[in-house]
Amino acid sequence: MIYSNPKNINNNEVIYKYFKELWFNSKEVDIYLALYKLWTQPASIIANHIWMERTYVYKILVKLKEFWLLEQTIKWWVKHFFISDISLIKNFTKDQTTKFKRLEDQFDILKNEFYKYDSSKMWSIPKISIFDWNNWIENAYKSILENIYKNGYISIKLFASNTIDSTNFITEDVRNMTNNFFKEIKKHKIYIDTSLWNGMFLMENRSNVNSIEELSNLILLWSSVNIYVVWQSIYFFIFKENPISIKIDSLELADVMYFLLKNVV
């Protein structure tokens, strides 16, 4: 049936404007007003009254019922709809206010989910990986090498503390993993710009070490903390009884580390 102007309904601008603010269109308001005027009726009576197709009217009535803007009963095995109290509209607006306040509070969570699909925001959210126990330290070394090979880097930066305090904790497995790592670095002629802090139990003075052989010996025997900066990735190695490595992918943090290694330490 072709939709035409509804019969016996005054186009009340206040009502239509109000419902429009609630995202209801004019046809939905026509149906709601007709139901309010005719009281309890099936969809077919409402449809005939306002010259609309019955199936469409029925779907709208069901939709309005889901919003608790009207109610439903059964008469003679047929669904009838009615508006028991116009204050149902006020209750609906209160529910919407509560819902949108909750959605507003959850916006930051939503934003982070969207950023997962936005390549331009990928580096704005730091990504953290943790490698602990001996075999995972090996995975951290592999991650550094993969990062170097994948991006074609020819140099990386290293901060290393060189204190006797950690000597007793370095296991043979960790020594071998570290040796293999530096062998790969030397094999591919990767330059390591190193800031080495020396001391017995505390870091007391600074020196530069760039020889792979010298680095291997010092770090294997003495170092308690290493920080590798590989472009936008920072790797923290802590050599204790249970060694641990943390990788942070963050352009902003990497920029700070480059500055500190160049100008401060």
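Computed from the coordinates by the stated procedures, all read-outs in this text should not be read as laboratory data. This is a predicted model, so every value here is computed, not measured. All Cβ positions, glycine included, derive from the backbone under ideal geometry; neighbour counts span all protein chains shown.
Considering only the other residues whose Cβ falls under 13 Å of the Cβ of Ala254, what net charge follows from Lys and Arg at +1 and Asp and Glu at -1?
Net of charged neighbours comes to +1.
Run the quick spin-label model on Thr73 and Lys27: label points 7 Å from Cα toward the beta carbon, then report their separation in nm to one decimal.
If labels sit at Thr73 and Lys27, their model points lie 2.9 nm apart.
Show which lysines lie in cross-link reach of Lys63 when reach means a straight Cα distance below 26 angstrom and same-chain residues fewer than eight apart are skipped.
Filter leaves Lys7, Lys17, Lys20, Lys27, Lys37, Lys75, Lys79, Lys90, Lys94, Lys99, Lys101.
Net charge around His188, counting only other residues with Cβ within less than 13 Å of its Cβ (Lys, Arg = +1; Asp, Glu = -1)?
Neighbour charge sum, excluding His188 itself: +3.
Can you compute the FRET efficiency between Ser84 and Gln106 using 1/(1 + (r/R0)^6), with r the Cβ-Cβ distance and R0 = 51 Å? Round to the nearest 0.05.
0.95
Arrange the peptides 245-255, 14-24 so that the one whose residues have, on average, the most other Cβ atoms within 10 Å appears first.
245-255, 14-24
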